[in-house]
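The values are calculated or read from the model by the stated rules, or taken from the named source; none is laboratory data. Predicted, not measured: the structure shown is a model, and the values here were computed from it. Ligands, DNA and RNA are excluded from the accessible area calculation, which covers all protein heavy atoms including side chains. Shrake-Rupley method; radii C 1.70, N 1.55, O 1.52, S 1.80 Å.
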Amino acid sequence: MRCENPLPVTYPYRAYGLTLGCDTPVSALRQVPAGLERYDIIVSLGPETDWVREARRLPSQLEHPRPGAVEGDDSPFALTSYGAGKFFELAYGNEALFFVDAAAKRVWGTCLPPLTSEDVATYLLGPVMGFVLRRRSVMALHASAVFIGRQAVALCGESQAGKSTTAAALALRGIPVLCEDITPLIEQDGRFHVEPGYPRVCLWPDAVEELFGARDALPRLTPSWEKFFLPLDGGNAKFEEQRRVVSAVYLFAPRVAEADAPRIEEVAPREALLNLIQNTYMNWLLDRNQRGAEFDALSRLVTQVPVRRIVPHADPGRIGELCDLILADAGCLSADCNSTSMISER
């Protein structure tokens, strides 16, 4: 269900397959045609709203870091539930704060100086939307996704494994990007599809220097963040705005200095399943039933979609070779998928 718009929302956007009605502009997003009477999510990035004030009055409980597991956890993130799960507070250190209702139909966010609205938007489009997808029972891989051979290709792995850098390198070759870091998967008509995220690829300074020859060759996400972004605005790189069928998943292994790297290896379905279970976004939020449902969905995914292992070379200058390998391998897999689809439709 979509929620009725209770406010005179001015800025309609679409991200991760959801329509957002925002009370402030978000420069990282593209507006969709105005005139919508309903939105999937109402987003407020201004003064505290009435529903947030009401939520704060309810009994609260710290959900993450979990009591007894706080020591040694270097993450500044804290998740608190209010009213036994009616509302959730997502706090990022002393910097940014968000509230989300149980159905993930309302989101409110703010920050403290010197952070700005751009900082709030950065959190919103990353981990907050990841949380929203989870609340809406949407499975998402910790992955970037690109559009090769009329199909979506997911580049999956842990933080700083090289997913975003590889997606950006492919984008500079004319390959459209669907998602960066969070890849929502929708199962429909017996196939898995990727929902587009938003038109940016976020990169660390080392990756910017690797791709462009200078650490400051791209605009910063915000003045207070180290990261930069590659705009997918149709200039140097393109954004794929349509939902696309998944034709392949690549799992990033640690970088090596071996002579035959970079290389692509086949992965058995069982090993692929275990790897993907570890690389779904915010999987620590799931209860036992949700974990079971996700296990079943991923089991279907690895039987339908080829999963490969990418072994990058430790030398960042060899990313061009890695892109060549991915384009060749994914192109073949996509051609096979298209042929199979045509035969099944006859």
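What to note about this one:
- Most mobile of Asp315, Asp329, Asp189 in a GNM of the chain (Cα contacts under 10 Å): Asp189
- Scanning residues 5 or more positions from Arg308 or on other chains, those with amide H under 5 Å from its amide H are Val249, Tyr250, Leu251, with H placed 1.01 Å from N in the peptide plane.
- Taking the chain and dividing mean pair separation by its residue count, relative contact order in percent (alpha carbons under 8 Å, at least six apart): 13
- Surface per residue (accessible, 1.4 Å probe) for the chain, Å²: 47
- DSSP beta bridges in segment 219-316 [antiparallel fraction, %, rounded to 5]: 50
- Principal-axis tilt of helix 288-304 within the chain, Cα atoms, nearest 10 degrees: 30
- Most fluctuating residue given options Ala257, Ala297, Ala104, as computed from a GNM of the chain linking Cα atoms under 10 Å: Ala257
- For q = 0.17, 0.20 Å⁻¹, Debye-computed log10 I/I(0) when each Cα of segment 117-261 counts as one equal scatterer: -0.97, -1.30
- Note that the chain, at 10 °C in a medium of 1.306 mPa s, gets a Stokes-Einstein diffusion coefficient of 75 µm²/s from its Kirkwood radius over C-alpha pairs.
- Whole-percent carbon and sulfur share, accessible surface of segment 108-249, 1.4 Å: 45
- Bridge orientation summary for the chain: considering DSSP beta bridges with both residues in this region, about 75 percent are antiparallel.
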